[in-house]
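The values are calculated or read from the model by the stated rules, or taken from the named source; none is laboratory data. The structure presented is a predicted model; accordingly, all values stated were derived computationally and were not measured. FYI the Cβ positions are ideal-geometry reconstructions off the backbone, even for glycines, and counts take in every protein chain you see.
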Amino acid sequence: MQTKIKNKNRNINYAEAINEALLQSMKLDKKVVVMGLGVDDPKRIFGTTNNLFEVFGKDRVFDMPTSENAITGFAIGMSLGKFKPVLCHQRVEFALLTMDQIINQAAKWFYMNNGQMNVPIVIRLIIGRGWGQGPQHSQSLENLFAGIPGLKVVSPSSAYDAKGMLISSIADKDPVIFFEHRWLHSTYSQVPNKFYKIPIGKSKIAKKGKDVTIVSSSYMTIESMKASEILKNYYIDAEVVDLRTLRPLDVNPIIKSVNKTKKLLVVDNGWTQYGISSEVITKVTTHKNFDKNIIVSRVGIADTPIPSTRSLAKLCYPDCVDICMQISKILNKNFSGLSSRFKNYRASDTPNKYFTGPF
Amino acid sequence: MNKKTKFNLLYSMIRMRMVEERISSEYSNQQMRCPVHLSVGQEAISSGICLNLKDKDQVFSAHRSHFHYLAKGGNLKQMISELFGKETGCAGGKGGSMHLIDIKAGLIAAVPIVGSTIPIGVGLAWANKLNRSNKVVVIFFGEGATEEGVFYESINFAALHNLPILFVCENNYYSVYSNIKNRQPTNRKISNVSKSMGVESYRMNGNKVEEIFTKTQKMIHSIRKNNKPILIELSTYRVLEHCGPNNDDHLNYRNKKELKRWLNNCPIEKYKEHLLKQKVLSNEELKKVYQKIDKEISQSFDFAKKSKFPKKDKLFKYIYAD
């Protein structure tokens, strides 16, 4: 369910918003370069790199060899030579081949040379889901990167935020890991034509409410918003906080919200254990203003590699109905007919009916 | 080759040797509390190559970084201070011996993860080429780094984009205690691998400083002119232990004959005799060289010892630039 927006301004989708952020950033600053396997191929990274090669040419847009590890090093070196590289992997998992360059080098470069040289690079990582992606094309590993001092990690959930946050990430002086959920690429929102920035490190109240606080990020914000719509049928007014940035974590708006609602549910975009939800809940419950009467809970991806078959994969992901069920437990209320009444709201193995694969 | 160049080559090697001998002798005072990978025995390579570089040229190093730093003109006081962990160190005490840096001198980075600076150096050379800056990047690494996947990824890319890089493989035959025979097939040469990947490659004696100087002079000129990478593999030997200030040959991991042969093949002693015979310098002048360097080293150690440790407020400084 896509939030309806009055057609006063134009609606574009998340992939188009990413594309626009790249085009506008490259126009504004000729040191911005885009690199990655397939950035100029016929599919253009799900359309996100459309027209870049045509507009900026071979000295700004680089198809790369299948050398994931070295490519990050090349980007670091380019940044030392005053370029601002935007690197792209079509799935998160390919970045696992280059963790040395990301964690040992990019994240520590500025610190270990005592502030003499910074590394302004952006690494776009796309999270896969559904259509049989299987164990190595569907991982949400934001926590792996968010745990590292020296990195910034962002994970916008709407086209509007995606454009503004990618522009901010490119302008940033530090290495930024930019997570895009594949299922968000086809979601629409109102996006201004102009060049604008959404600051890194600021969460957003996606929906105001008073009864329960739902904290989420990336695609799970879509499910959380759907859940908040369902909850209205049970006279529950949920507040939804969209994290947008995972490092640095903007915890104060969450504290403020939880102090109002007294109930917190964190919906993790990744595995439930050892993840973003662990960090959010710890930050909240150890905060000096934490009220001990506050009820805290979480949902996330099941603790297993995600299988390819849709019959099993669908059991891994929480959706809006699961979120409501968890809230019924927190509130100790019975939402009668929840599963049957809202079965059309449940997530399938595609982002929408128009998606017919392959990836 | 003129007399001044010959003198400079010898001077550079003697200075490097003396710096590390002082580190070695002072290490047991436990004031330099960081791992040190000394390069004694490998003086000829960095001396011979770096004398051919311009100030604007850029050098990348690895864990055994002291000689590359010194050869490129890195500040000695700041290097010793870094080993002491002082705020006056080249990285403010945050890096230690394995992260020497002197941007002004063109020593861009040294890191201890084997092979990791290779792609970064390639990336900077790529930027240099796009910026038309006419700089040459020199990437120093050991033969162990050629066992890392990232080496092949980087060589491929340098060849693909014709990048102005001199890859320098210092083959000292040992990765910690493991002989190259246990790590790479004996009938395959590193320089042949890179050559087959499209990078002009050569093998050289790594202990003959004049030969290294003369040959790499031509190579660096060609790299700058033609924007094409070259790789050289130089055979050499580290005299001391892999990590630490001492000799570790009581552990018997190196063949005694091999050890003796290399110790007799000292790059400094042979060259010194040669220059004395050629009357490039006299015994008296040589004595003055030793005295001058000794004084410089003492001053650097005094500077490091007198310098302060970084204060508490530096702990969280420079994690982020923004």
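Details
- Residue satisfying condition, being over 18 Å from B:Phe140 (Cα atoms) and of a type in the set (S, T, N, Q), within set B:Ser24, B:Ser46: B:Ser24
- Options B:Gly48, B:Gly74, B:Gly95; residue that is free of Cβ contacts under 8 Å to residues at least 60 places away in the same chain and touching a Leu at 6+ places or on another chain (Cβ under 7 Å): B:Gly74
- Which listed residue, of A:Gly128, A:Gly132, A:Gly150, is in contact (Cβ under 8 Å) with a residue 40 or more places away in the chain and in contact with a His (Cβ under 6 Å, 6 or more places away or on another chain): A:Gly128
- Meets criteria (surrounded by fewer than 20 Cβ atoms within 10 Å (Cβ to Cβ) and either part of a helix (DSSP H, G or I) or among the hydroxyl-bearing types (Ser, Thr, Tyr) (or both)) for A:Ser157: no
- Screening the candidates A:Gly164, A:Gly134 for the property of being more than 14 Å from every other protein chain (Cβ to nearest Cβ) and either assigned to a loop (DSSP other than H, G, I, E, B) or in contact with a strand residue (DSSP E or B) (Cβ under 6 Å, 6 or more places away or on another chain) (or both) yields one hit, A:Gly134.
- Within the option set A:Leu243, A:Leu249, being under 22 Å from A:Ile123 (Cβ atoms), surrounded by fewer than 22 Cβ atoms within 10 Å (Cβ to Cβ) and in contact with a helix residue (DSSP H, G or I) (Cβ under 9 Å, 6 or more places away or on another chain) holds for one residue only, A:Leu249.
- Picking from residues in region A:33-51 that are closer than 22 Å to B:Leu160 by Cβ and touching a helix residue (DSSP H, G or I) at 6+ places or on another chain (Cβ under 6 Å), the one that is modelled with the lowest pLDDT is A:Asp40.
- Scanning region A:66-79 for residues that are at the interface with another protein chain (Cβ under 7 Å from one of its Cβ atoms) and in contact (Cβ under 8 Å) with a residue 40 or more places away in the chain yields A:Ala75, A:Ile76, A:Met78.
- Among the residues of region B:206-226, the ones that are in a loop (DSSP other than H, G, I, E, B) and out of contact with any helix residue (DSSP H, G or I) (no Cβ under 6 Å at 6 or more places or on another chain) come to 1 in all.
- Boolean, A:Leu87 is more than 12 Å from every other protein chain (Cβ to nearest Cβ) and aliphatic (A, V, I, L, M): no
- For region B:69-82, the condition of being assigned to a helix (DSSP H, G or I) and facing another protein chain (nearest Cβ under 7 Å) holds for none of the residues.
Conditions (1) surrounded by fewer than 23 Cβ atoms within 10 Å (Cβ to Cβ); (2) farther than 28 Å from A:Ser311 by Cα; (3) in the same structural domain as A:Phe179 (by TED's automatic domain parsing); (4) among the small types (Gly, Ala, Ser), marked per residue:
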residue: A:Leu96; (1), (2), (3), (4): yes, no, yes, no
residue: A:Trp109; (1), (2), (3), (4): no, yes, yes, no
residue: A:Gly134; (1), (2), (3), (4): yes, no, yes, yes
residue: A:His137; (1), (2), (3), (4): yes, no, yes, no
residue: A:Ser140; (1), (2), (3), (4): no, no, yes, yes
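- If the condition is being within 14 Å of chain B (Cβ to nearest Cβ) and under 20 Å from A:Ser169 (Cα atoms), then region A:27-55 contributes A:Lys30, A:Lys31, A:Val32, A:Val33, A:Val34, A:Met35, A:Gly36.
- The residues on offer are B:Val138, B:Val150, and the sole one that is closer than 26 Å to A:Thr98 by Cβ and either away from chain A (no Cβ under 14 Å) or in a helix (DSSP H, G or I) (or both) is B:Val150.
- Elements of type helices (runs of 4 or more DSSP H) in region A:264-359, at least 2 residues being buried (at least 17 other Cβ atoms within 10 Å of the Cβ): A:276-285, A:320-331
- Region B:153-198 - residue that is more than 20 Å from B:Arg64 (Cβ to Cβ) and in contact (Cβ under 8 Å) with a residue 60 or more places away in the chain and, of those, farthest from the other protein chains (Cβ to nearest Cβ): B:Asn162
- Odd one out for B:Arg203 among (1) more than 14 Å from every other protein chain (Cβ to nearest Cβ); (2) within 21 Å of B:Leu53 (Cβ to Cβ); (3) not in a loop (DSSP other than H, G, I, E, B): (2)
- Scanning region A:206-228 for residues that are closer than 11 Å to A:Ser257 by Cα and among the small types (Gly, Ala, Ser) returns a single hit, A:Gly209.
- Some residue of region A:13-35 being in a loop (DSSP other than H, G, I, E, B), closer than 27 Å to A:Ser218 by Cβ and in contact with a Leu (Cβ under 8 Å, 6 or more places away or on another chain): no
- Subset of region B:271-295 (residues that are loosely packed, with under 15 Cβ neighbours inside 10 Å, assigned to a helix (DSSP H, G or I) and not polar (S, T, N, Q)): B:Glu273, B:His274, B:Lys277, B:Glu284, B:Glu285, B:Lys287, B:Lys288, B:Tyr290, B:Lys292, B:Asp294, B:Lys295
- Filter result for B:Lys86 (at the interface with another protein chain (Cβ under 9 Å from one of its Cβ atoms), of a type in the set (Lys, Arg) and either crowded, with 24+ Cβ neighbours inside 10 Å or not in a helix (DSSP H, G or I) (or both)): no
- Scanning region B:36-53 for any residue that is buried (at least 23 other Cβ atoms within 10 Å of the Cβ) and charged (D, E, K, R) turns up at least one such residue.
- Region A:99-122 residues that are farther than 21 Å from A:Asn143 by Cβ and more than 7 Å from chain B (Cβ to nearest Cβ), paired with ones that are surrounded by fewer than 24 Cβ atoms within 10 Å (Cβ to Cβ) and charged (D, E, K, R) (beta carbon under 9 Å, 6 or more apart): A:Val119/A:Lys173; A:Val119/A:Asp174; A:Pro120/A:Lys84; A:Pro120/A:Asp172; A:Pro120/A:Lys173; A:Pro120/A:Asp174; A:Pro120/B:Asp322
- Of the residues making up region A:177-209, those that are in a loop (DSSP other than H, G, I, E, B), in contact with a strand residue (DSSP E or B) (Cβ under 7 Å, 6 or more places away or on another chain) and of a type in the set (D, E, K, R) number 2.
- Hey, A:Lys82 surrounded by fewer than 22 Cβ atoms within 10 Å (Cβ to Cβ), touching a residue at least 12 places away in the same chain (Cβ under 8 Å) and within 13 Å of chain B (Cβ to nearest Cβ) or not: yes
- Test result for B:Gly106, under 18 Å from the mean Cα position of the chain (by Cα), within 9 Å of chain A (Cβ to nearest Cβ) and not hydroxyl-bearing (Ser, Thr, Tyr): no
- Pair list, Cβ under 8 Å, 6 or more apart: region B:23-35 residue assigned to a helix (DSSP H, G or I), other residue modelled with pLDDT of 95 or more and among the aromatic types (Phe, Trp, Tyr): B:Glu26/B:Phe301
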